[in-house]
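For reference, the structure discussed in these notes is given below.
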Amino acid sequence: MLELSNIRAGYDRTPVLHDVTVSVPKDGVAAVLGHNGAGKSTLLRTAMGLIKPKGGTILLDGENITRLAPHQRVARGMAYVPQGQQSFPHLTTAENLQLVADGRKDGKEAIAEALDLFPVLGELSGRRAGLLSGGQRQQLAIARALVTRPRLLLLDEPTEGIQPSVVAEIEETILTLARRGGLSVLLVEQHVGFAMRAAQRYYVLEAGRVTSDGAGGTESEQAVRAALSV
Ligand SMILES: Nc1ncnc2c1ncn2[C@@H]1O[C@H](COP(=O)(O)OP(=O)(O)OP(=O)(O)O)[C@@H](O)[C@H]1O
Ligand SMILES: [Mg+2]
């Protein structure tokens, strides 16, 4: 459903991605793994249109979106949760969700769906986002993305820096989302076990190049660990 082909991208004069090809299956999960600085976030930013690639093409369900602005990609059903649990810290949980829902005909329903997935956010509706725990902020960030009712979700290290008890909860929710259909996910994740349980395809990125890729599933876990250890 999302095809990134031969992508070259980076910052000013710093090339980061060299000829990267990644494909997200329809209603499935593609996981991108790699060490710090490998270019994983750069890849997601490029997919979302926040960085203009110097080469390569991006197709969304066959449409060439390589030159589209981020908001045009959102209008086509893409949503992006950046690394680091960003929301508006001075707004409450409810206000953060409402901000995304404003102007959407299905806003109320979409918020209800998101709260269904993350019930804790309903209990914390009046609390400022800046006062939430890291795990709660991550749940809010994912919920905000879901309020746009995406068909493709880009998730950048959703469990990074979060206390272990909440990590499992967030992982379960992502698995639930991925399995209920109608949503494809491009997941950047450092936890190999979880990434491989969630994914139908995996890609290991090293210094801006795909050095290993294949079918997801726990049976590929050893291959991924080996690719990451070199
Ligand atoms: N805004 C920026 N300007 C210039 N260089 C950047 C910028 N952001 C990242 N880089 C560089 O691009 C390379 C890839 O960074 P990127 O953030 O994509 O890696 P990553 O795989 O997401 O790493 P991490 O696991 O730490 O999140 C790194 O060398 C980094 O220093
Ligand atoms: Mg990153």
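The values are calculated or read from the model by the stated rules, or taken from the named source; none is laboratory data. Note that the coordinates shown come from a computational prediction; the quantities given were computed from them, not determined experimentally. Reconstructed Cβ throughout: ideal geometry from the backbone, glycine too, with neighbour counts over all protein chains shown.
Tabulated data
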read-out: So GLY134, is it in contact (Cβ under 8 Å) with a residue 40 or more places away in the chain, farther than 22 Å from VAL74 by Cα and either surrounded by fewer than 14 Cβ atoms within 10 Å (Cβ to Cβ) or not charged (D, E, K, R) (or both); value: yes
read-out: For ALA168: the one exception among (1) of a type in the set (Gly, Ala, Ser); (2) farther than 26 Å from LYS26 by Cβ; (3) in a loop (DSSP other than H, G, I, E, B); (4) within 20 Å of the chain's Cα centre (by Cα); value: (3)
read-out: Whichever residue in region 46-76 is surrounded by fewer than 20 Cβ atoms within 10 Å (Cβ to Cβ) and among the basic types (Lys, Arg) and, among such residues, is farthest from ligand 1 (Cβ to nearest atom); value: ARG76
read-out: Residue identified as free of Cβ contacts under 8 Å to residues at least 40 places away in the same chain and more than 29 Å from ALA101 (Cβ to Cβ) among THR21, THR66, THR57; value: THR66
read-out: Hits in region 147-175 (condition: among the aliphatic types (A, V, I, L, M), over 25 Å from VAL74 (Cα atoms) and within 16 Å of ligand 1 (Cβ to nearest atom)); value: ILE162
read-out: Positions within region 4-30 being more than 16 Å from ligand 2 (Cβ to nearest atom) and farther than 19 Å from SER212 by Cβ, in sequence order; value: ARG8, ASP12, ARG13, PRO15, LYS26, ASP27
read-out: Any chance GLY84 is within 16 Å of ligand 2 (Cβ to nearest atom), modelled with pLDDT under 95 and on the phi > 0 side of the Ramachandran plot; value: yes
read-out: Filter pass, ASP116 being among the acidic types (Asp, Glu) and closer than 18 Å to MET78 by Cβ; value: no
read-out: Residue check, GLY182 touching a residue at least 12 places away in the same chain (Cβ under 8 Å) and closer than 22 Å to PRO25 by Cβ; value: yes
read-out: Residues satisfying the stated conditions in region 188-224, i.e. over 26 Å from PRO15 (Cα atoms) and free of Cβ contacts under 8 Å to residues at least 40 places away in the same chain; value: HIS191, GLY193, PHE194, ARG197, ALA215, GLY217, THR218, GLU219, SER220, GLU221, GLN222, ALA223
read-out: Residue, farthest from ligand 1 (Cβ to nearest atom), within region 18-40, restricted to residues that are within 18 Å of GLY84 (Cβ to Cβ) and crowded, with 19+ Cβ neighbours inside 10 Å; value: VAL32
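Okay, residues lined up against (1) more than 19 Å from the chain's Cα centre (by Cα); (2) within 16 Å of ligand 2 (Cβ to nearest atom); (3) surrounded by 16 or more Cβ atoms within 10 Å (Cβ to Cβ); (4) in a helix (DSSP H, G or I):
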position: GLN139; (1), (2), (3), (4): no, no, yes, yes
position: THR159; (1), (2), (3), (4): no, yes, yes, no
position: ILE162; (1), (2), (3), (4): no, yes, yes, no
position: THR176; (1), (2), (3), (4): no, no, no, yes
position: LEU186; (1), (2), (3), (4): no, yes, yes, no
position: ALA195; (1), (2), (3), (4): no, yes, yes, yes
position: TYR202; (1), (2), (3), (4): no, no, yes, no
position: SER212; (1), (2), (3), (4): yes, no, yes, no
position: VAL224; (1), (2), (3), (4): yes, no, yes, yes
